[in-house]
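Below is a structure I'd like to ask you about.
The values are calculated or read from the model by the stated rules, or taken from the named source; none is laboratory data. Small disclaimer: the values here were computed from a predicted structure and weren't measured. All Cβ positions, glycine included, derive from the backbone under ideal geometry; neighbour counts span all protein chains shown. Please note that ligands, DNA and RNA were not included when accessible areas were found on the heavy atoms of the full protein model with its side chains. Shrake-Rupley method; radii C 1.70, N 1.55, O 1.52, S 1.80 Å.
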Amino acid sequence: MTATGAPKPKAAQVADALRGEIKKMKPGDRLPSQRELAERFGFAGQTIQNGLAALRSEGLIVSAGNLGNFVSDGTASNDDITELRSQIQALTDRVAALESRLTPSGT
């Protein structure tokens, strides 16, 4: 229950339950699949995804795409940000190069 007496959002309930489990796990341990979590909690897949997204944003878990979600060792989020910045810079450079080829000369 929240301070207003309303029940917690379902995604927050999922995140809270998994937070407790993650404390007992080691970095690199795999969390149950989204399908398993949906069956366990009785919530829609999108609700489970939202709960997992909250845990990712807190840096508690990392996603490995189709391989699943894993307990973070605390360093992945910084590595991910560095990798994303590198990819964005590479894409920015490629767009600039393409645009320079498309620009008519003399304008």
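Kindly provide the set of residues from the stretch 28-75 that are open to solvent by 60 Å² or more (accessible area, probe 1.4 Å), part of a loop (DSSP other than H, G, I, E, B) and more than 21 Å from LYS8 (Cβ to Cβ), ordered by number.
The answer is ASP73, THR75.
Could I ask something else about it? Residues in the stretch 75-105 that are at pLDDT 70 or above and of a type in the set (Asp, Glu): how many?
2
For the stretch 11-40, how many residues meet the condition of being farther than 21 Å from VAL62 by Cα and in contact (Cβ under 8 Å) with a residue 12 or more places away in the chain?
Number of matching residues: 0.
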